[in-house]
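Worksheet for the structure shown next.
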Amino acid sequence: MKIIDNFLDKESFKKLQSTLLSDTFPWFYNPSKVVAKDQKRPSPIKGYESEESIQFTHIFFDNNLHYNWSNWADHLKPIVDKIKPRAWARVKANMSPINPKPFVGGWHYDKNYKDKPWADTTTSIFYTTNNNGYTILENGEKIPSLENRLVTFSNDVLHTGVSQTDEKVKITLNLNYLK
């Protein structure tokens, strides 16, 4: 796992953040954070069992759904240019609303087939807001939500997001690609 703070220059980051927080950016309702079959996956850590919670998403690109990039993808150019993968598998924005208690979103691999993680795939999470939510990996390591932070790990690492209780929204970008 690798964590890079201040991944984007300040101007590029603020521009991307303001786009994702604007009242014109298209977010789409999802009744759960991960697909139903993933929510049944047992927690590898006692006390972090998955709970039902909603989120809003925007899919910029997903090779399982379509090969066209979203009309909003130009806003991601600073990240795309800096990561420079061999190929993109999926790029998705997640927005979680505030919760009265921390909700565990559901243990999962970002890209999988028949419940097996894609080999040779990398997952990066880019945090666009500061809050007390976090990502937790199957080994118990917690990655706090700090704006302009990029965390990168192998797609075969089981992980989940934990919602925030202190800010109205938590926004992350999930980036899945071949190096």
(message) Can you tell me how many residues within segment 63-74 are at pLDDT 90 or above and surrounded by fewer than 18 Cβ atoms within 10 Å (Cβ to Cβ)?
(response) 4
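Looking for something of a type in the set (Phe, Trp, Tyr) and farther than 20 Å from Ile79 by Cα - is there at least one such residue anywhere in segment 134-157?
Within segment 134-157, the first condition is being of a type in the set (Phe, Trp, Tyr), and the residues that meet it are 134, 153.
The next check asks that each one be farther than 20 Å from Ile79 by Cα; those that pass are 134.
Within segment 134-157, one or more residues are of a type in the set (Phe, Trp, Tyr) and farther than 20 Å from Ile79 by Cα.
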(message) Quick test for you: out of Asn132, Asn94, pick the one residue that is at pLDDT 95 or above and either outside any loop (DSSP other than H, G, I, E, B) or within 13 Å of the chain's Cα centre (by Cα) (or both).
(response) Asn94
(message) Testing Lys168 on (1) within 11 Å of the chain's Cα centre (by Cα); (2) surrounded by fewer than 22 Cβ atoms within 10 Å (Cβ to Cβ), one condition comes back false. Which one is that?
(response) (1)
(message) Can you find, within segment 57-91, the residue that is nearest to the chain's Cα centre (by Cα) among those that are in a strand (DSSP E or B) and of a type in the set (D, E, K, R)?
(response) Arg90
(message) Just to check your reading of the model, which residue among Lys2, Lys14 is of a type in the set (Lys, Arg), under 16 Å from Tyr127 (Cβ atoms) and in contact (Cβ under 8 Å) with a residue 24 or more places away in the chain?
(response) Lys2
(request) Residue by residue through segment 84-111, note down the ones that are touching a residue at least 12 places away in the same chain (Cβ under 8 Å) and surrounded by fewer than 18 Cβ atoms within 10 Å (Cβ to Cβ). (result) Pro85, Arg86, Ala87, Lys92, Pro97, Ile98, Asn99, Pro100, Lys101, Pro102
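In the set Ile143, Ile79, Ile136, which member is farther than 20 Å from Ser163 by Cα and among the β-branched types (Val, Ile, Thr)? Talk me through it step by step, then tell me what you get.
Numbers: Ile143 fails: farther than 20 Å from Ser163 by Cα; Ile136 fails: farther than 20 Å from Ser163 by Cα.
Every option except Ile79 fails the conditions.
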(request) Give me the pairs, please: first residue somewhere in segment 162-179 and among the acidic types (Asp, Glu), second residue anywhere and not in a strand (DSSP E or B), beta-carbon distance under 6 Å, and either six or more positions apart or on two chains. (result) Asp166/Asn131; Asp166/Asn132; Glu167/Asn131
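Name every residue in segment 140-161 that is without any contact (Cβ under 8 Å) to a residue 24 or more places away in the chain and either charged (D, E, K, R) or over 15 Å from Pro102 (Cβ atoms) (or both), in order of residue number.
Initial filter on segment 140-161 (without any contact (Cβ under 8 Å) to a residue 24 or more places away in the chain): 142, 144.
Once the filter is applied, which keeps residues that are without any contact (Cβ under 8 Å) to a residue 24 or more places away in the chain and either charged (D, E, K, R) or over 15 Å from Pro102 (Cβ atoms) (or both), segment 140-161 yields only Lys142.
Taking the condition closer than 16 Å to Leu173 by Cβ, out of contact with any strand residue (DSSP E or B) (no Cβ under 8 Å at 6 or more places or on another chain) and aliphatic (A, V, I, L, M), does Leu8 pass?
Numbers: closer than 16 Å to Leu173 by Cβ: yes; out of contact with any strand residue (DSSP E or B) (no Cβ under 8 Å at 6 or more places or on another chain): yes; aliphatic (A, V, I, L, M): yes.
For Leu8, the condition - closer than 16 Å to Leu173 by Cβ, out of contact with any strand residue (DSSP E or B) (no Cβ under 8 Å at 6 or more places or on another chain) and aliphatic (A, V, I, L, M) - is met.
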(request) Kindly indicate whether any position in segment 15-24 is among the hydroxyl-bearing types (Ser, Thr, Tyr) and closer than 24 Å to Thr160 by Cβ. (result) no
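The values are calculated or read from the model by the stated rules, or taken from the named source; none is laboratory data. Since the model is a prediction, treat every value here as computed from it, not as a measurement. With ideal geometry, Cβ positions are generated from the backbone for all residues, glycine too; neighbour counts draw on all protein chains shown.
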